[in-house]
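Following: one structure in structure tokens, then a few remarks.
What follows is calculated from the coordinates using simple rules that are stated; it is not laboratory data. Just so you know, these numbers come straight off a predicted model, no measurement behind them. Because the Cβ atoms are built from the backbone with ideal geometry, glycine has one as well, and the counts that use them run over all protein chains shown.
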Amino acid sequence: MLRNLVLGSVIAGFCVAMVGSASADDRISASKKGSLLIYSKVELKWNFVVGDGYVLSQDTFLDLSNDYPDYVNVQFYFVNGDEPLEQVCVPNAPIPCEDADELERAHPGWNWVDCEVPLTPNQPTYMSMFSGLPAGCQPFTELDPGFPPGRPDPEVRGGRYLRGFVYAWAVDNDDAGDSQNRPIRWNHLTGDALIINYALATAAEYNAYAAQVVERVGGPAHGDFVGVVTTVPGGASTTMLNLDGVDYDLAFQRLLMDFYGSGSLALSGDARIVVLDTDITLHAVSADLRQETNGPIKTKAVFNIWNENERRFSGTEKCIECWDQTLASNYPAPNHLLVQNLQTNKGKARIEGIASNIAACPLAVDAALLGIQIKELTFFRLTLGGPVVDGFARSAINMVGQGEKEAKITYDLVAGSDEANNVTGAAVDTAGMKSDRGGR
């Protein structure tokens, strides 16, 4: 009898430990459902075709699914990843110049637009970033309207692009239609992004990073509001999504990137030569999306790199302001992502966003990062006249992470109806209030 009691205690303890370990990793992930989704890479491209003008050559499609048998709204923010650019005029022309003297129009940068998408129970949906349809958001091109579309693409002669990233999180949904887009606990959202290049006939897909609202004793129940609403007299009410392991899952301390050295021929075979490069996208998890914003987050991404012989290389760095997309072959020196510097075909990198005040990255702050890497493979066919380009392929993957670091996303709430709130011209502090559909 005593033996059975002891054995039962051991088994019970083991089960408790198992339960504890299953819920201990409160970190953002690309393989689970969440209340907050982050699509780290959106890119539109246009090619100039004689007789047809600028033709869309690449679009990005966002997939979104509600895995719960009830209604929910999803707040989207589309963020322009590139910096603002001033108008470029012909030499000696006045600035600003007339269209006839304009070499390149001015471009907004680090700006954003938002929309809200209602989802029915168990509904999947998708949207083209070029059109915003069928989900019904504005096109991503609203971030930089004008002609010609986007900004010059340095990789394609005459080409144009517009790129950045997208946040999406569950917000309150009420029957009266007076939603103030307050964040709620709704750990049932999943998403992914599909980047399709029509000109090259290639595609690459990655999962949206997901952060759950953490379930704690006394914490928010399903459908409850999360965080604290701050009301500024005469200004907008704002709220914050805290990725702190208490409200939302924590972000990563560092990113891990497993890669082939840029220029590697490791995947070649028979009569085909395959040359590898890696498109690296990095951005801070934190963002200030308020009207009265403090601006984009800037951090210095520091790479610690190991080759197949376990030799470590340091010194590869990149200043990340808001968002960055750069081919590994184009990273600044010393670039240990190049196969000739790595000295083996395969490499591993740990990437951390740190504070810095060096000339190349002034006023950088410590920041958690997210990242997408796309392997770009160029195929060459051997002929008597030499190698000829025979094809192109792309393969995307989310970077995984290690460690824990806090992050926060701040945004303005939508003003509610005075009649619905039973107030006249006064702001309402909604902290701790419950959604009409909450508490199940």
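Here's how it looks for Arg254: its modeled amide H is under 5 Å from those of Gln402, which are all 5 or more places away or on a different chain. Look at the alpha carbon pairs under 8 Å that are at least 6 residues apart: their mean separation over the length of the chain gives a relative contact order of 19 percent. Residue-wise HN-Hα couplings along segment 384-396, as the Karplus relation 6.51 cos²θ - 1.76 cosθ + 1.60 with θ = phi - 60° gives them from phi, are 4, x, x, x, 10, 4, 10, x, 8, 9, 9, 9, 9 Hz; Gly and Pro carry x.
Round to the nearest 0.05 the FRET efficiency obtained for Asp70 and Arg394 when R0 = 41 Å and r is the Cβ-Cβ distance. That gives a FRET efficiency of 0.65.
The gain in end-to-end length when the Asp25 to Ala355 segment is fully stretched comes to 116.2 nm, 0.36 nm per residue minus the alpha carbon separation. Can you tell me which of Val275, Val72, Val388 moves the most in a GNM of the chain? Springs connect C-alpha atoms under 10 Å apart. Its mean-square fluctuation being the largest, the pick is Val388. For Lys318, the aspartates and glutamates whose Cα comes closer than 13 Å to its Cα, not counting residues fewer than 8 places off in the same chain, are Glu352. Once divided by 2.2 N^0.38 Å, the Cα radius of gyration of the chain becomes 1.10. Once label points are set 7 Å from the Cα along Cα→Cβ at both Thr230 and Ala203, what is their separation, rounded to one decimal in nm? For Thr230 paired with Ala203, the spin-label model returns 4.3 nm.
Compared with the alpha-carbon gap, the fully stretched path from Arg157 to Thr326 is longer by 59.1 nm at 0.36 nm per residue. Quick check on my link table: of Lys33/Lys298; Lys41/Lys405; Lys346/Lys375, which ones sit more than 18 Å apart, alpha carbon to alpha carbon? From the list (Lys33/Lys298; Lys41/Lys405; Lys346/Lys375), the Cα-Cα distance tops 18 Å for Lys33/Lys298; Lys41/Lys405.
In the chain, helical runs assigned H by DSSP with n ≥ 4 each contribute -39500 (n - 2.57); averaged across all residues and rounded to the nearest 500, the mean residue ellipticity at 222 nm is -2000 deg cm²/dmol. When each of Ser264, Ser65 is scored by the number of other beta-carbon atoms lying within 10 Å, the sequence from fewest to most is Ser65, Ser264.
Sparse packing (at most 16 other Cβ atoms within 10 Å of the Cβ) combined with a DSSP loop state is found for the following GluC sites (Glu not before Pro) in segment 99-190: Glu155.
Of the residues Ile305, Cys361, Thr293, the one whose Cα sits farthest towards the positive end of the charge dipole of segment 252-404 is Ile305 (charges of +1 on Lys and Arg Cβ, -1 on Asp and Glu Cβ, taken about the Cα centre).
If you bin all the Cα-Cα distances of segment 288-380 at 10 Å, starting from zero, the percentages per bin are 15, 42, 29, 11, 3, 0.
One chain, two ends: Asp52 and Asp99. Fully extended at 0.36 nm per residue, the span grows by 14.8 nm beyond their Cα-Cα distance.
Packing order of peptides 396-405, 299-308, highest average first: 299-308, 396-405 (average count of other Cβ atoms within 10 Å over each peptide's residues). In sequence order, segment 52-68 has phi-based couplings of 10, x, 7, 10, 4, 10, 8, 10, 10, 10, 9, 9, 9, 9, 9, 9, 8 Hz under the Karplus curve 6.51 cos²θ - 1.76 cosθ + 1.60, θ = phi - 60°, and Gly or Pro positions carry x.
Taking packing as the residue-averaged number of other Cβ atoms within 10 angstrom, the listed peptides 225-231, 205-211 run from highest to lowest as 205-211, 225-231.
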